[in-house]
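Participant: I'd like to ask some things about the structure below.
Every read-out reported here was derived from the displayed coordinates using simple, explicitly stated rules and does not represent laboratory data. Keep in mind that this is a model prediction, so the values were computed, not measured. FYI the Cβ positions are ideal-geometry reconstructions off the backbone, even for glycines, and counts take in every protein chain you see.
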Amino acid sequence: MAFHEGNNKFTKSVYHAVQGIIETVKVERNIKIHMIITALVIIAGFLFKINLVEWLSIVICIGLVIGMELLNTSIEHTVDLACQKEYHQLAKKAKDASAGAVLVVATMSVVIGMIIFIPKIWKLIFIN
Ligand SMILES: Nc1ncnc2c1ncn2[C@@H]1O[C@H](COP(=O)(O)OP(=O)(O)OP(=O)(O)O)[C@@H](O)[C@H]1O
């Protein structure tokens, strides 16, 4: 395979991946909420001048939550395709487990956000 062919294939893959993200953001309400929370957390990070480890924790959480939400959407589409939207006990199990994965990562992110920001907010209110 010539170098430019490989390069072209990579560009196409990135294009499709970006399309997947854009489509999901357009359609899925939950990922829009995650995006808004992400923006607020980044603004709070700058306002409270959080340190490098805190930024790293937040970047990991953001990546995990949005990545997991994209996977959840992918699983929902795959299940709908497989069962043609007919009720099926296995479809329920697959979708519920997938939604559960998002919930686990989102809960972990909220806890990390609280550990980072609550002491800073507390200091701002009661010490300043
Ligand atoms: N084909 C099906 N058979 C059985 N249960 C289903 C089926 N489709 C959905 N469900 C049930 O309904 C729930 C919601 O499924 P749905 O596909 O509407 O996801 P959603 O509400 O769009 O989720 P999200 O808000 O995460 O995007 C699932 O978690 C599952 O319990």
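Participant: Once you keep just the Cα pairs under 8 angstrom separated by 6 or more residues, what percentage relative contact order results for the chain?
Facilitator: RCO, the chain: 26 percent.
Participant: Under the rule of -39500 (n - 2.57) per DSSP H run of 4 or more residues, summed and divided by the residues of the chain, what mean residue ellipticity at 222 nm is obtained, to the nearest 500 deg cm²/dmol?
Facilitator: -32000 deg cm²/dmol
Participant: What is the Cα convex hull volume of the chain when expressed per residue in Å³? Let's see the in-between values first.
Facilitator: Values: hull volume 20.1 nm³, N = 128.
That works out to 157 Å³ per residue.
Participant: Of Leu103, Met114, Cys83, which is farthest along the charge dipole of the stretch 55-128 in the positive direction, counting Lys and Arg as +1 and Asp and Glu as -1 at C-beta?
Facilitator: Farthest towards the positive end: Met114.
Participant: With axes computed from alpha carbons, what is the tilt in degrees of helix 3-27 against the longest principal axis of the chain, rounded to the nearest 10 within 0 to 90?
Facilitator: It works out to around 70 degrees.
Participant: Starting from 0.36 nm per residue, how many nanometres of slack lie between Leu71 and His16 once their C-alpha separation is accounted for?
Facilitator: Here the segment from Leu71 to His16 would lengthen by 18.3 nm.
Participant: Let me ask you something else. Any idea what angle helix 89-126 forms with the longest principal axis of the chain, computed on alpha-carbon atoms, 0 to 90 degrees, nearest 10?
Facilitator: Taking Cα atoms only, the helix is inclined about 20 degrees.
Participant: Please give the peptides 95-103, 118-126 ranked by average Cβ packing (other Cβ atoms within 10 Å per residue), highest first, as a rough proxy for protection.
Facilitator: Sorting 95-103, 118-126 by mean packing, highest first, produces 95-103, 118-126.
Participant: Any idea what angle helix 52-83 forms with the longest principal axis of the chain, computed on alpha-carbon atoms, 0 to 90 degrees, nearest 10?
Facilitator: 30
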